[in-house]
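K.L.:
My questions will all concern the structure given below.
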Amino acid sequence: VEEGVTDLDGLIRENFGAHPRYDPNKNTYVNFGCSDFDPVKGLTVSLYELDADTFRSSSSSSSKRPRQSDVKNPPVVPNFRLKAPALLHDFILTKNYCLFNINDTSINPLSALKALLGLSGFAGSIDLNESASHTHIVLLPRSLFDETDQSSVDDIDLFHDERILAIPVNNHFNFHFANAYEDETTGRIVFDTVQIDGMDLASTTSHNSGRPFWKNDHPFQTVTPSRLVRYVLDVPNRSLAVGTPNPKVLSTRLPEFPSLPRKRSTRRHRYVYPAVARRKVTVDYEKKGHAGPVGGIAKIDVEFPENNEYYSFETYEFPGECVLCPKVRGENGNGEEEEEEEEKEDAC
């Protein structure tokens with residue numbers, strides 16, 4: 001039932017990210033929201049954890065408790081500050097961490113002025129430093145939600161706070177993650193992400209041509225192609241794990257919007273379901289103009305990518321992000337969801 005716009009009883013300060021992540025172990029959703037960029041203060045990113053049934057702070061999950069605005073001691077909201085603007089569209093979750101992809105960015109003054117005048121979107125004023133040597137995968141411990149003093153989790157410095165892990169990887173950009181989990185045997189963190197070697201945000205917005213991106217004659221000539229990859233992090237040593245391809249390429253068919261069954265979130269998974277190009281393509285991932293629209297859905301086998309399966313739509317059909325729902329037992333069953341086993345697929 002749609003109940004309209006809500007700030008979740010006063011919990012959310014300014015906005016709420018597009019991709020809340022579900023934790024089946026705690027039955028909670030974790031998400032983030034960014035403040036408007038302040039040239040003096042920078043960008044503040046706040047973290048939220050909500051009970052999946054009540055959509056209220058997980059620190060007090062009873063659906064009968066008072067509204068947040070009436071609570072004398074509101075829940076602690078961890079937040080970190082970035083000096084430069086950032087396009088944080090997605091993040092990923094494990095049992096103990098929230099993972100963010102933090103790029104080296106700056107503001108383009110002229111584009112920012114156009115944004116302030118309402119002539120373009122703010123995203124187009126963010127310049128991504130494609131010559132930077134590293135992108136940082138930042139791990140924020142979820143124990144921050146357990147703090148009782150708001151001041152202890154205010155304005156966290158990602159690169160100097162000893163509670164935070166910042167692991168450098170090869171420079172890249174990403175919009176969407178697939179999933180992440182902690183390998184209990186090795187202590188490593190494994191995550192799958194859609195990776196782009198470069199991104200010119202200004203060229204993919206409408207303020208340069210005065211018309212929507214998709215109405216340009218050659219809309220993808222400024223877009224760098226994407227691929228789905230797997231990273232393995234050596235958490236104790238704060239580095240990429242050795243002894244395995246890092247990252248390991250899972251699909252080169254211009255994947256985006258990766259999905260998987262909700263119950264697999266934060267847990268080891270076998271398959272990922274992204275939207276992909278309609279047919280197999282050969283591209284140069286360092287060159288713009290080799291990207292294109294998606295026209296199919298893939299079943300990516302993260303252990304054996306050579307077994308990937310692809311479904312193509314008609315040439316005039318362009319799918320978006322797929323949603324997976326649990327299968328139910330057949331006619332002789334009782335209508336309950338199938339037992340949670342990796343081999344038993346959900347409906348896409």
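Just so it is clear, none of the values below were taken in a lab; they were calculated from the coordinates. Computed from a predicted model, the values in this text were never measured in an experiment. Note: ideal-geometry Cβ built from the backbone for every residue, glycine included; neighbour counts use all protein chains shown.
K.L.:
Using +1 on the beta carbon of Lys and Arg, -1 on that of Asp and Glu, and nothing else charged, what's the dipole of the range 138-193 about the Cα centre, debye to 20?
P.N.:
The calculation lands at about 320 debye.
K.L.:
If the limit is 29 Å between Cα atoms, which of 26/280; 83/248; 114/248; 83/114 go over it?
P.N.:
As for pairs spanning more than 29 Å Cα to Cα, those are 26/280; 83/248; 114/248.
K.L.:
Full-extension gain between residue 323 and residue 239, please, as 0.36 nm times their residue separation minus the C-alpha to C-alpha distance.
P.N.:
26.9 nm
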